[in-house]
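Peer 1: Would you mind keeping the following structure in view while I ask a few things?
The values are calculated or read from the model by the stated rules, or taken from the named source; none is laboratory data. Because the structure is predicted, anything quoted here is derived from the model rather than measured. No Cβ is skipped: glycine too gets one built from the backbone with ideal geometry, and neighbour counts run over all protein chains shown. Heavy atoms of the whole protein, side chains included, go into the accessibility calculation; ligands, DNA and RNA do not. Shrake-Rupley method; radii C 1.70, N 1.55, O 1.52, S 1.80 Å.
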Amino acid sequence: MYRMLVDGALIDSEARRPVINPVDETVITQVPDASAEIVDRAVDAAAKAFVAWGSASWSERREVVLAIASAIEAHKDELARLLVKETGRPMAVAQFEVGLATQYLTFYAAQKLEAEVLVDDASRRVELHRRPLGVVAAIVPWNAPLYLAANKIGPALIAGNTIVVKPAPTTPLSTLRLGELISGVVPKGVVNIVAGGNEVGAHLASHPGIAKVAFTGSTQTGRAIMAAAAPTLKRLTLELGGNDPAIVLPDVDPKAVAPALFALSFFNSGQVCAVIKRLYVHASIYDAMCEEIAALARAATVGDGMDPSVQFGPVQNRAQYEKVLRFLEDARANGRIIAGGRLRGGPGYFIPLTVVRDVAEGTLIVDDEPFGPILPIIRYSDIDDVIERANRSPYGLGASVWSSDPDKAAQIARRLECGTVWINQHCALDPLVPFPAHKQSGVGVESGREGLLAYTALQVINVNKAAGQ
């Protein structure tokens with residue numbers, strides 16, 4: 001039985017909602033469905049706890065954040081199994097996510113926010129201080145629920161904020177279990193976890209007691225959160241959709257590079273905002289690259305993540321499954337499918353790893369992200385042309401350039417309009433490295449020192465030393 005963490009207590013709700021296994025569409029369990037009154041209680045509890053927590057010492061905050069990381073580490077196998085059940089992903093991917101959660105929490109636990117002295121002379125002293133904001137609402141998506149919750153809890157708490165975490169309605173199990181594990185570790189009200197549908201997230205986004213919303217998810221939902229936050233001018237970190245291009249230069253060996261491109265396109269069955277979504281390959285190696293990647297896709301094993309032989313799981317939920325089917329229809333109509341494309345039938349939200357070639361801009365599969373296991377491979381001949389095409393997108397999360405000449409690749413990287421450009425790699429996330437978003441891929445930055453500062457308010461203390469003398 002799963003319960004929510006509110007004001008230090010594990011509580012249930014009158015309403016409950018099912019959690020569906022994406023592998024066979026059976027009901028795994030029922031979880032609480034928070035009412036507006038429960039959400040209000042959680043926000044009130046966080047506001048009361050903020051009075052003490054906001055003035056706690058760095059060492060006190062650090063101890064709590066490390067305790068959360070330790071709780072995850074001590075129960076890593078259980079949490080990984082829950083992730084497999086609720087997402088369908090392979091166990092190795094679930095274990096990787098659990099490891100990321102502890103890694104990011106440990107990183108933030110080590111970050112100090114000390115005053116910076118700008119001026120200190122005979123007449124004045126000017127200091128910059130970073131102050132906590134208050135209560136943070138963390139709205140977490142279904143594609144990486146535990147890691148993304150940790151990547152919001154860590155910076156929020158070490159900066160002195162309290163938090164209300166709301167997991168996606170389709171993947172609440174690992175996050176609710178985290179609440180149970182830390183209920184005796186975290187001071188009352190500092191971390192609250194409530195479960196429910198989209199209306200819970202909407203209530204948090206508009207709640208007058210929330211100072212900041214940290215959201216990861218679709219651009220469409222990000223716009224709704226921004227609108228809901230506007231009346232109270234809430235601070236926002238919105239990490240939204242991406243349609244990441246990868247540009248492969250003609251100097252690479254297709255056979256050598258294809259395995260990495262394949263892995264970084266289909267990781268978690270393509271359900272990651274910052275994996276490769278558009279693969280631009282030079283005409284001189286286009287046919288060879290298409291065949292190499294298609295062969296890898298044909299050989300991949302798709303199935304139940306509990307099976308150790310499975311490499312890729314299903315799409316996580318029915319709504320996303322139906323969306324990906326529309327992209328599959330577009331790929332079939334506007335390109336040539338050279339791997340996958342045929343549904344296997346039976347229960348579960350399974351879509352085979354699909355590779356489509358001979359497509360171009362102006363099609364759904366190129367212009368938008370399927371957030372599923374479909375990769376368009378696009379031909380180009382001129383580098384200036386492909387840079388313009390890669391930039392011709394409302395999204396600007398990540399991109400990559402692949403070349404045997406890293407310096408040449410870096411010159412191209414500087415011309416791409418996105419938050420991160422990787423060279424001969426993609427989606428190489430690191431807690432130390434900021435992860436910014438450009439264009440309609442979001443607002444603000446996650447991770448790194450800059451991600452932590454986004455959970456603070458800058459305060460200037462300007463002292464006139466000569467006054468009163």
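Peer 1: Checking Gly398 against (1) closer than 23 Å to Ser284 by Cα; (2) buried (at least 24 other Cβ atoms within 10 Å of the Cβ); (3) not aliphatic (A, V, I, L, M), which single condition isn't satisfied?
Peer 2: Answer for Gly398: the failing condition is (1).
Peer 1: Among Leu113, Leu146, Leu157, which is open to solvent by 10 Å² or more (accessible area, probe 1.4 Å), more than 20 Å from Ala202 (Cβ to Cβ) and touching a residue at least 12 places away in the same chain (Cβ under 8 Å)?
Peer 2: Values: Leu146 fails: open to solvent by 10 Å² or more (accessible area, probe 1.4 Å); Leu157 fails: open to solvent by 10 Å² or more (accessible area, probe 1.4 Å).
From the options Leu113, Leu146, Leu157, the qualifying one is Leu113.
Peer 1: Which residue out of Ala168, Ala195, Ala149, Ala156 is more than 21 Å from Asn317 (Cβ to Cβ) and small (Gly, Ala, Ser)? Walk me through it before giving the result.
Peer 2: Details: Ala168 fails: more than 21 Å from Asn317 (Cβ to Cβ); Ala195 fails: more than 21 Å from Asn317 (Cβ to Cβ); Ala149 fails: more than 21 Å from Asn317 (Cβ to Cβ).
Sole residue among the options that is more than 21 Å from Asn317 (Cβ to Cβ) and small (Gly, Ala, Ser): Ala156.
Peer 1: Confirm whether Asp44 is farther than 16 Å from Leu157 by Cβ and either under 26 Å from the mean Cα position of the chain (by Cα) or surrounded by fewer than 16 Cβ atoms within 10 Å (Cβ to Cβ) (or both).
Peer 2: Working: farther than 16 Å from Leu157 by Cβ: yes; either under 26 Å from the mean Cα position of the chain (by Cα) or surrounded by fewer than 16 Cβ atoms within 10 Å (Cβ to Cβ) (or both): no.
In short, no.
Peer 1: What about Pro376, is it within 22 Å of the chain's Cα centre (by Cα), open to solvent by less than 30 Å² (accessible area, probe 1.4 Å) and touching a residue at least 60 places away in the same chain (Cβ under 8 Å)? Can you show your working first?
Peer 2: Values: within 22 Å of the chain's Cα centre (by Cα): no; open to solvent by less than 30 Å² (accessible area, probe 1.4 Å): yes; touching a residue at least 60 places away in the same chain (Cβ under 8 Å): yes.
Against the criterion (within 22 Å of the chain's Cα centre (by Cα), open to solvent by less than 30 Å² (accessible area, probe 1.4 Å) and touching a residue at least 60 places away in the same chain (Cβ under 8 Å)), Pro376 does not qualify.
Peer 1: When residues of segment 373-397 are filtered for being part of a helix (DSSP H, G or I) and of a type outside the set (Val, Ile, Thr), how many remain? Working first, answer last.
Peer 2: Residues of segment 373-397 part of a helix (DSSP H, G or I): 383-391.
Checking the rest, the ones that are also of a type outside the set (Val, Ile, Thr) come to 384-385, 388-391.
Adding up the residues that qualify gives 6.
Peer 1: Condition first: in contact with an Asp or Glu (Cβ under 6 Å, 6 or more places away or on another chain) and at negative phi. Now tell me which residues in segment 334-360 satisfy that. Step through it out loud before you land on a result.
Peer 2: Going residue by residue through segment 334-360, those that are in contact with an Asp or Glu (Cβ under 6 Å, 6 or more places away or on another chain) are 335-336, 347-348.
Listed by number, the residues that qualify are Gly335, Arg336, Pro347.
Peer 1: Same structure, new question: If you check Pro308, Pro314, which single one turns out to be in contact with a helix residue (DSSP H, G or I) (Cβ under 9 Å, 6 or more places away or on another chain) and open to solvent by 10 Å² or more (accessible area, probe 1.4 Å)? Break it down into steps so the answer makes sense when it comes.
Peer 2: Values: Pro314 fails: open to solvent by 10 Å² or more (accessible area, probe 1.4 Å).
Only one candidate qualifies: Pro308.
Peer 1: To continue, here is another question. Please find, within segment 325-353, the residue that is nearest to the chain's Cα centre (by Cα) out of those that are within 19 Å of Ile378 (Cβ to Cβ), of a type in the set (A, V, I, L, M, F, W, C) and part of a helix (DSSP H, G or I).
Peer 2: Just the residues of segment 325-353 that are within 19 Å of Ile378 (Cβ to Cβ), to begin with: 327-341, 353.
Imposing the further condition that a residue be of a type in the set (A, V, I, L, M, F, W, C) reduces the set to 327-328, 331, 333, 337-339, 353.
From what is left, the residues that are part of a helix (DSSP H, G or I) are 327-328, 331, 333.
Numbers: Phe327: 22, Leu328: 24, Ala331: 26, Ala333: 31 Å.
This residue is Phe327.
Peer 1: So, one more: Which of the residues belonging to segment 170-192 are out of contact with any Phe, Trp or Tyr (no Cβ under 6 Å at 6 or more places or on another chain), farther than 16 Å from Gln30 by Cα and open to solvent by less than 10 Å² (accessible area, probe 1.4 Å)?
Peer 2: Leu178, Gly179, Ile182, Gly189, Val191, Asn192
Peer 1: Can you tell me how many residues within segment 433-453 are closer than 20 Å to Val65 by Cα, of a type in the set (A, V, I, L, M) and either touching a His at 6+ places or on another chain (Cβ under 7 Å) or in a loop (DSSP other than H, G, I, E, B) (or both)?
Peer 2: Residues meeting the conditions: 1.
Peer 1: Which of the residues that make up segment 243-273 are among the aromatic types (Phe, Trp, Tyr) and touching a Cys at 6+ places or on another chain (Cβ under 8 Å)? Reasoning before the result, please.
Peer 2: Our first condition is that a residue be among the aromatic types (Phe, Trp, Tyr); within segment 243-273, this holds for 262, 266-267.
Selection gives Phe267 alone.
Peer 1: Name the residue, out of Gly341, Gly346, that is over 24 Å from Asp251 (Cα atoms) and open to solvent by 10 Å² or more (accessible area, probe 1.4 Å). Break it down stepwise before answering.
Peer 2: Working: Gly341 fails: open to solvent by 10 Å² or more (accessible area, probe 1.4 Å).
None of the other options fit; the residue is Gly346.
Peer 1: Moving on to the next point. Would you mind stating whether Ile72 is β-branched (Val, Ile, Thr), over 19 Å from Leu133 (Cα atoms) and in contact with a helix residue (DSSP H, G or I) (Cβ under 8 Å, 6 or more places away or on another chain)? Walk me through how you get there before you give the answer.
Peer 2: Values: β-branched (Val, Ile, Thr): yes; over 19 Å from Leu133 (Cα atoms): yes; in contact with a helix residue (DSSP H, G or I) (Cβ under 8 Å, 6 or more places away or on another chain): yes.
Considered against the rule, which asks whether it is β-branched (Val, Ile, Thr), over 19 Å from Leu133 (Cα atoms) and in contact with a helix residue (DSSP H, G or I) (Cβ under 8 Å, 6 or more places away or on another chain), Ile72 comes out as yes.
Peer 1: Now for a different question. Among the listed residues Val275, Val257, Val281, Val248, which satisfies the condition of being open to solvent by 20 Å² or more (accessible area, probe 1.4 Å), within 30 Å of Pro314 (Cβ to Cβ) and among the β-branched types (Val, Ile, Thr)? Give the steps one after another, and end with the answer.
Peer 2: Details: Val275 fails: open to solvent by 20 Å² or more (accessible area, probe 1.4 Å); Val281 fails: open to solvent by 20 Å² or more (accessible area, probe 1.4 Å); Val248 fails: open to solvent by 20 Å² or more (accessible area, probe 1.4 Å).
From the options Val275, Val257, Val281, Val248, the qualifying one is Val257.
Peer 1: Looking only at segment 405-426, decide whether some residue is of a type outside the set (Asp, Glu), in contact (Cβ under 8 Å) with a residue 12 or more places away in the chain, surrounded by 13 or more Cβ atoms within 10 Å (Cβ to Cβ) and closer than 19 Å to Ala360 by Cα.
Peer 2: Yes: segment 405-426 contains one or more residues that are of a type outside the set (Asp, Glu), in contact (Cβ under 8 Å) with a residue 12 or more places away in the chain, surrounded by 13 or more Cβ atoms within 10 Å (Cβ to Cβ) and closer than 19 Å to Ala360 by Cα.
Peer 1: Which residues, counting only those in segment 288-318, are farther than 29 Å from Pro169 by Cβ and assigned to a helix (DSSP H, G or I)?
Peer 2: Ala288, Met289, Cys290, Glu291, Glu292, Ile293, Ala294, Ala295, Leu296, Ala297, Arg298, Ala299
Peer 1: Please go through segment 398-432 and give me each residue that is within 15 Å of Pro250 (Cβ to Cβ) and outside any loop (DSSP other than H, G, I, E, B), ordered by number.
Peer 2: Val401, Trp402, Lys408, Ala409, Ile412
Peer 1: Spot the failing condition for Arg326; the list is (1) surrounded by fewer than 16 Cβ atoms within 10 Å (Cβ to Cβ); (2) in contact (Cβ under 8 Å) with a residue 24 or more places away in the chain; (3) farther than 21 Å from Asp367 by Cα, and only one is missed.
Peer 2: Tallying (1) surrounded by fewer than 16 Cβ atoms within 10 Å (Cβ to Cβ); (2) in contact (Cβ under 8 Å) with a residue 24 or more places away in the chain; (3) farther than 21 Å from Asp367 by Cα, Arg326 fails exactly one: (3).
Peer 1: Is there a residue in segment 12-23 that is open to solvent by 40 Å² or more (accessible area, probe 1.4 Å) and over 30 Å from Glu322 (Cα atoms)?
Peer 2: Filtering segment 12-23 for residues open to solvent by 40 Å² or more (accessible area, probe 1.4 Å) gives 12, 14-18, 20.
Cutting the leftovers down to over 30 Å from Glu322 (Cα atoms) gives us 12, 14.
The answer is yes, given that some residue of segment 12-23 is open to solvent by 40 Å² or more (accessible area, probe 1.4 Å) and over 30 Å from Glu322 (Cα atoms).
Peer 1: When residues of segment 193-202 are filtered for being crowded, with 22+ Cβ neighbours inside 10 Å and on the phi < 0 side of the Ramachandran plot, how many remain?
Peer 2: Going residue by residue through segment 193-202, those that are crowded, with 22+ Cβ neighbours inside 10 Å are 193-196, 200-201.
Then drop every residue that is not on the phi < 0 side of the Ramachandran plot, which leaves 193-195, 200-201.
So the answer is 5.
Peer 1: I would also like to ask the following. Considering every residue within segment 459-467, establish whether at least one is touching a strand residue (DSSP E or B) at 6+ places or on another chain (Cβ under 9 Å), among the hydrophobic types (A, V, I, L, M, F, W, C), assigned to a loop (DSSP other than H, G, I, E, B) and at pLDDT below 95. Steps first, please.
Peer 2: Residues of segment 459-467 touching a strand residue (DSSP E or B) at 6+ places or on another chain (Cβ under 9 Å): 459-466.
Those still in the list that are among the hydrophobic types (A, V, I, L, M, F, W, C) too: 460-461, 463, 466.
Narrowing further to those that are assigned to a loop (DSSP other than H, G, I, E, B): 466.
Keeping just the survivors that are at pLDDT below 95 gives 466.
Yes; the residues of segment 459-467 include at least one that is touching a strand residue (DSSP E or B) at 6+ places or on another chain (Cβ under 9 Å), among the hydrophobic types (A, V, I, L, M, F, W, C), assigned to a loop (DSSP other than H, G, I, E, B) and at pLDDT below 95.
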